[in-house]
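The values are calculated or read from the model by the stated rules, or taken from the named source; none is laboratory data. In this text, all values refer to a predicted model and were calculated from it rather than measured experimentally. Backbone-built Cβ (ideal geometry, glycine too); neighbour counts: all protein chains shown. Only protein heavy atoms, including side chains, enter the accessible area calculation; ligands, DNA and RNA are left aside. Shrake-Rupley method; radii C 1.70, N 1.55, O 1.52, S 1.80 Å.
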Amino acid sequence: MLGMCIYAIAAEWISWGLSKGAEKSGQLIKYGSGKLREKWNPEKEPVKIDNKYQKGVKVARDATHVAVTVSGFLVTNLCKATVALGKQLAPHVKKQGAKLVPRSIKDKVNNKDGESKVDDVLEVAASGLHGFGVVYNGLENAAKALFKSLANETVNIVHHKYGVEAACLADNAIYAAGNTGMAYHNVSNLGVKAIAKRAAKDTGKAVVNDMVDERQTRKSKT
């Protein structure tokens, strides 16, 4: 259990560090943006943007937002499906996999709990999976925070230099581009290879979690 606690604490600290790093980076971006505006004189006349371009970019932003929402919904439900599939396959994978483990690994070692070497491996594997999930979420949240900071300060600079209409165009264009990237990321997770990879990964997680649960049950009875 000590190993699992160490992994969990380390993952939480890394995630916290990523969050704080993104927060500090956002502050530095804002500071740099302010300094740039101080040195950059606005145009004498605000730039006028043809209304058809404003509408076109706004439509693009709205459309890509819908694409992100729909593709995100599909990916979320795909995750639920592969997790359910993994839980169904886990007992069969565990049964067949046990046949491949050498007896020297499966044999119990001489300790007070009578645990096997496999138990130690499972503890590391389970804590590693948990830690990976925590760090991955931390990375994703940090990336979103950085994108928002960069987008907002870019719009502020454009507003300062070229006026309201240019800033409105920049705002819609930046978020349309960001939405496009997010939608592409979601759609790439819906391909056949991506689904097979996710199903295999979720099955592996289910196998490890089942075996860890069995270990905890066994220890509680001793």
Total residues in the range 64-77, condition exposed (fewer than 14 other Cβ atoms within 10 Å of the Cβ) and modelled with pLDDT of 90 or more: 1
In the range 138-186, which residue that is among the aliphatic types (A, V, I, L, M) and surrounded by fewer than 16 Cβ atoms within 10 Å (Cβ to Cβ) is nearest to Ala60 (Cα to Cα)? Ala177
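More than 25 Å from Asn156 (Cβ to Cβ), modelled with pLDDT under 90, exposed (fewer than 12 other Cβ atoms within 10 Å of the Cβ) and within 23 Å of the chain's Cα centre (by Cα), is that true of Lys80?
Yes, satisfied.
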Would you be able to tell me the number of residues in the range 24-60 that are closer than 16 Å to Leu150 by Cβ and open to solvent by 90 Å² or more (accessible area, probe 1.4 Å)? 5
